[in-house]
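Each remark here refers to the structure printed beneath this line.
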Amino acid sequence: YYYDTPVNEPNYRGILRAVTKVKTASKKTENLLYSLLLGNIIFLLISSLGGYLFIKKGLKPVRTLTKTAKVIGKNNDLSRRIDIPDRTAKDEIYELTTTFNRMISGLEDSSNRERQFSSDVSHELRTPIAVIKAESEFALKYGRTEDDLREGLTHILEQAKFMTNLVSQLLDVARLENAQDLTFAPVDVSGMLTNMVHDYTRLCAENTEKQITITSQIEPNLRMTAHEVSLRRAITNLVDNAIKFTNTTIDISAKLVGHELVITVSDNGIGIEQENLEHIWDRMYQTEQSRNKKSNHGIGLGLYFVNKVISLHHGTVTATSEPQVKTTFTVRLPYNQSEE
């Protein structure tokens, strides 16, 4: 092989030629090719090993997640969590791990609530069933006169009404919890509340146990889109609570405040202790439970139902109370005036 290159210098002009043997050049080229091939092989081995170790380390949380999921599925242990890896950047693995932990926490909370709910319902049903059984056995063994039988049947009827009310409330709650959205339609809120006040005024007038006066301040022409049946039931539950625990008066008001419809139900009854206010919206929660059960005043589903209905209307419901003075429930709903 030879290689020529021109040389243009002041003192010399010509051609510079480099010559090498063909055999020597071929040997060097061959060595270079071998070196490149060997280098590529070594590079591929190192890259493969490094990639394997990197992927293995990166997928460790995924393997842990899979293992934890299998343990949870096998043992039904919702208390298990995945340790969140120490990462400076919140990458996809971090998000996957935190999302999985949040999902399991939600499932655990739901499971605990359902378990407590089932326990509470069983406890509530145990007493009326026991009373019905005892009264029936007593009437069959010792009932000799019509008065004896009538007294036993009266107790049985009271417990049957309680159980009917319990089942009805449970069905209402189940329907609401399965409904993600409600079908809204134009509702005349002023007319609905006015009729409600009229009905409850007549009902209280017929109550011989205590004298209750109902007053109202309902702004006219309040119309909005809502689910009338559930909204009516929610307000009815608030009024029923007021009737149960008031001393003499109940006040119902409805007015437009800014872009909100504000409905309040107040009474001058025994009130709610401050430490209980945040819990009254929980399922099956009751304050002074022994008093409620003795008076057959409820099972703790009414306010839970109210809170659920108002939430589905994208509103809020709150309670304020000064024991033995005044208790007020306030419903706030976003006001979108219906066109009717």
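Descriptive notes on the structure:
- Pairs where the first residue, in the stretch 98-122, is in contact (Cβ under 8 Å) with a residue 24 or more places away in the chain and loosely packed, with under 11 Cβ neighbours inside 10 Å and the second is in a helix (DSSP H, G or I) and of a type in the set (A, V, I, L, M), C-beta under 6 Å, 6+ apart: none
- Test: residue in the stretch 92-102 that is over 30 Å from Arg233 (Cα atoms) and touching a Gly at 6+ places or on another chain (Cβ under 9 Å): yes
- Look at the stretch 270-281: where a residue is free of Cβ contacts under 8 Å to residues at least 24 places away in the same chain and a partner is part of a loop (DSSP other than H, G, I, E, B), sitting 6+ places away or on another chain with Cβ atoms under 7 Å, you get Asn276/Thr287; His279/Tyr285.
- Condition met for Ile235 (surrounded by 11 or more Cβ atoms within 10 Å (Cβ to Cβ) and over 18 Å from Gly315 (Cα atoms)): no
- So Thr183, is it among the hydroxyl-bearing types (Ser, Thr, Tyr) and touching a residue at least 60 places away in the same chain (Cβ under 8 Å): no
- Filtered residue count, the stretch 123-132, keeping only those that are without any contact (Cβ under 8 Å) to a residue 60 or more places away in the chain, surrounded by 11 or more Cβ atoms within 10 Å (Cβ to Cβ) and not aliphatic (A, V, I, L, M): 2
- Residue match in the stretch 133-145 (condition: touching a residue at least 60 places away in the same chain (Cβ under 8 Å), of a type outside the set (S, T, N, Q) and part of a helix (DSSP H, G or I)): no
- Counting only strands (runs of 3 or more DSSP E) that fall entirely inside the stretch 156-270 and contain at least 1 residues that are of a type in the set (Gly, Ala, Ser) and within 22 Å of Thr330 (Cβ to Cβ), the qualifying elements are 213-218, 223-226, 249-257, 260-267.
- Selection count where residues are of a type outside the set (S, T, N, Q) and either surrounded by 13 or more Cβ atoms within 10 Å (Cβ to Cβ) or in contact (Cβ under 8 Å) with a residue 12 or more places away in the chain (or both), scope the stretch 200-213: 5
- Screening Val167 on (1) more than 30 Å from Leu125 (Cβ to Cβ); (2) modelled with pLDDT of 75 or more shows it passes everything except condition (1).
The values are calculated or read from the model by the stated rules, or taken from the named source; none is laboratory data. Remember, it's a predicted structure, so these values are computed and weren't measured experimentally. Here Cβ is always computed from backbone atoms with ideal geometry, including for glycine, and neighbour counts include all displayed protein chains.
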